[in-house]
Every structure is written in structure tokens, then in C-alpha cells.
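To keep things clear, I will list the structure first and then write my remarks on it.
The values are calculated or read from the model by the stated rules, or taken from the named source; none is laboratory data. Everything numeric in this text was worked out from a predicted model, so none of it was measured. Quick reminder, even Gly has a Cβ in these numbers, built from the backbone with ideal geometry, and neighbours come from all protein chains shown.
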Amino acid sequence: MIVQKYGGSSLSCPEKILKVTERIVYDLSSHGKMVVVVSAMGDTTDYLLGLAELVCEKPVSREVDVLLSTGEQISASLLAMALGTRGICASSFNAFQLGIITDNHHGNARISSINKGKIEESFKDNDVLVVTGFQGVNSFGDITTLGRGGSDTTAVAIASCCKCPCEIYSDVAGIYTCDPGLVPGAKKLEFITYDHMLILAMAGAEVLNPVAVEKAKNEGVPLYCGSSFSEEKGTRVVDFFPDGMELQDVIGIATEIVDGKPFHANWGRNYPEFPSSNSFPSESLTRITAVGKKRDHEALGNHVLLSLKMAGIRLFEASAKPGNFSALISEKDRKRSVEVLAVEFGLLR
């Protein structure tokens, strides 16, 4: 058995849903039984949020969750239909039907338990369970959602419950040293550790949800990230790098727009040569984070700082802690900053 998750970009139109169907049919022959977790089609979630704003200035969070949950239901039912046309016994399931229970935090809920018995019972009549990601129900029976990227967490939680691997599929072929949409020459990683991936995810890399990565690490779920539409080899998330694999000073770079919010005090060593947050410009700021070896993080920070300064990029604040170094830069310098560091640390293919 295996759990697969397909993101919204992989399900954005009927043609892509049919391509995903073909992949599932092919993979089913190797796994026997599958749980397929789906996100909403394309930009459906943003569209639904827009609808809510048109009818209510400040919608109640409970009703927002009810509304947003319909996006994944559409994906799940369409994919189950498509699988049925290929002779596959498949049914779609909402989170409550499989006993996915969360806490009461609407919009950012956390999964507390899953009813494994309901999953096993559902497999009696199905080879594939197509499950709505991103959602659950609380102790009152109300629908809750897990926040952006929450379908990753759903998939990992089900894989943990069923003691099986989890594969995350999207429109990119794995995990890269930096955003390939920003820097087309970014190198794809064959392996990355849970710890490094968690730092990258928390720093803005959108390939995996940080809650899902942390859950996979803590509960021993093997993770794989790959492309929905190609057989190109993806990236495995592991506890440790394989023996003999040389670890670079910098493994990856992530960026995130922070709009001038200062660093938290617990980020580690701060660099006092930079101005305080009250001197930030009115323009949008981006946090750029270099993730690498845990040792010599201050030396890493100095290397990053020097590289950016030599490129004429202005920095507003910086901070280092074991495993990563971050700095605030202007949003307009984001692409160039990533390119500079990617070249400096050999992150391009």
C-alpha cells in the first residue's frame, strides 16, 4: 500500500485529471491498494475566498472552512469518476467519512487522530480511496481546514496511520536547491534530510508544507517528491544523507516576502551592524535563507553577507543559527540575490 498526494496544479483541468488517472492506474499494479489525497483544482481555493469576500466583509471562520472544503470534494469526485472509467474500483471520501479528527482551530487546524478501521473497511470494496486533503472535522462534527498546503499534512497523517510510504506529486520534478521558477538552472536534489527540508519549508520553500515535514520526521514516514506528469526521478527525504555523499556548505536557498516584519529574537545570533526594524523602507522586503551545515553557521553567514554585499545588494537585517542564515533584502533584489548565492555555492546544474 502507498499514499499519493496530487496538488492543485496537477488537477487544474479535466485533461490533467485524466493524466493523473493514468499514473494511478499504472502505479496500482505495483502497490495493490492506494490512498490518493487531492487538493482543490488550480486556483479554486482563492476563487472561493473571493466569493466569500463579495458577500461578507468578515466571514465567520467556521463558514469559511465549510466553503473551502468544497474545492477538494470536486477534485476527489472527478478523479474517482475517471478511475472508474478505467475499470478501477475507486470511491471518493470526505475527511469525516474516514474519521480524520482535528482540533478546533478553524483555518489552521491540526490533525489529532485518524480512524484506521474506517480506512480498512473502505478498502473492502475499493482498490483506491480518493480522499479530500486539507480538511478534517473537530470534536463537534464541524468541518475544519488545515491551512495552505494542508493536503500534504493529510497525506502524511494517513501514511503514518497506515504505516506506509508517502509520495507528494506536483508540477515540479522534485526538491531543488532553489526555486526553479525563479532560477531555471537550479539543481534538483536526489536526497534531502527532514531537518534541512523543514528549515527550507519554514523559510518559504513551497514544495512541502512544514507541518507535513515535521510530522513525517517525527513519525517515521518515508517521503518522496516528484512530478505528476513525468517519469523523471524525484527527491527522497531521509533521516541522514547516504554514506559517502558529500555535504555542501549550502544545500538550498528559500525566500519569503515578509513586508518588513523583524526577525524573532530566538533566531540566534543577530548582526548589530544592520539598522533596527523601524528604519525599514516602505517597499516590500524579502527574507532570503541559506540552509546548510549545522557547524560554522556564523562563517556561513559571513560568506553569504559578503557575497550579497559584493553584488551591491542592500541588506536590512540578518540573523544566524545552526543550520541556516537569513537576511532581509528588498523584494526587487530577490531574483538577483538567489542567483548570486546559487552561483557562489555551486547550486546550479
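Quick look at the numbers
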item: Residue list for the range 231-256, filter: within 29 Å of K163 (Cβ to Cβ) and in a loop (DSSP other than H, G, I, E, B); result: E231, E232, K233, G234, D239, F240, F241, P242, D243, M245
item: Of residues in the range 6-22 being within 22 Å of T153 (Cα to Cα) and in contact with a Ser or Thr (Cβ under 7 Å, 6 or more places away or on another chain), the one surrounded by the most Cβ atoms within 10 Å (Cβ to Cβ); result: Y6
item: Where V156 falls short, out of the listed (1) surrounded by 23 or more Cβ atoms within 10 Å (Cβ to Cβ); (2) on the phi > 0 side of the Ramachandran plot; result: (2)
item: Strands (runs of 3 or more DSSP E) completely within the range 11-107 that count 2 or more residues being aliphatic (A, V, I, L, M) and over 22 Å from the mean Cα position of the chain (by Cα); result: none
item: Hits in the range 107-128 (condition: farther than 22 Å from G87 by Cβ and of a type in the set (S, T, N, Q)); result: N108, S112, S113, N115
item: Tally of residues being out of contact with any Gly (no Cβ under 7 Å at 6 or more places or on another chain), without any contact (Cβ under 8 Å) to a residue 60 or more places away in the chain and over 13 Å from V137 (Cβ atoms) across the range 106-126; result: 8
item: Residue check for F191: in contact with a Pro (Cβ under 7 Å, 6 or more places away or on another chain) and either closer than 30 Å to S61 by Cα or surrounded by fewer than 19 Cβ atoms within 10 Å (Cβ to Cβ) (or both); result: yes
item: Conditions (1) at pLDDT below 95; (2) on the phi < 0 side of the Ramachandran plot; number of the one not met by K33; result: (1)
item: Subset of the range 23-80 [surrounded by 16 or more Cβ atoms within 10 Å (Cβ to Cβ), touching a Cys at 6+ places or on another chain (Cβ under 9 Å) and without any contact (Cβ under 8 Å) to a residue 40 or more places away in the chain]; result: H31, M41, G42
item: Residue in the range 212-233 that is modelled with pLDDT of 95 or more, surrounded by 15 or more Cβ atoms within 10 Å (Cβ to Cβ), in contact with a Leu (Cβ under 6 Å, 6 or more places away or on another chain) and over 23 Å from A159 (Cβ atoms) present; result: no
item: Tally of residues being touching a helix residue (DSSP H, G or I) at 6+ places or on another chain (Cβ under 8 Å), over 13 Å from L341 (Cβ atoms) and of a type in the set (A, V, I, L, M, F, W, C) across the range 319-328; result: 1
item: Test set (1) of a type outside the set (V, I, T); (2) under 28 Å from E22 (Cβ atoms); (3) in contact with a Ser or Thr (Cβ under 8 Å, 6 or more places away or on another chain) - H105 fails condition number; result: (2)
item: Residue ranges of strands (runs of 3 or more DSSP E) in the range 120-221 with at least 1 members assigned by TED's automatic domain parsing to the domain that holds I24; result: 128-132, 135-137, 143-145, 166-170
item: Of residues in the range 86-95 being surrounded by fewer than 20 Cβ atoms within 10 Å (Cβ to Cβ) and either in contact (Cβ under 8 Å) with a residue 40 or more places away in the chain or touching a Phe, Trp or Tyr at 6+ places or on another chain (Cβ under 8 Å) (or both), the one farthest from L146 (Cα to Cα); result: R86
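For every residue, the table says whether it meets (1) in contact (Cβ under 8 Å) with a residue 40 or more places away in the chain; (2) within 29 Å of S61 (Cα to Cα); (3) of a type outside the set (G, A, S).
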| position | (1), (2), (3) |
| --- | --- |
| V131 | yes, yes, yes |
| S139 | no, yes, no |
| T144 | yes, yes, yes |
| E167 | yes, no, yes |
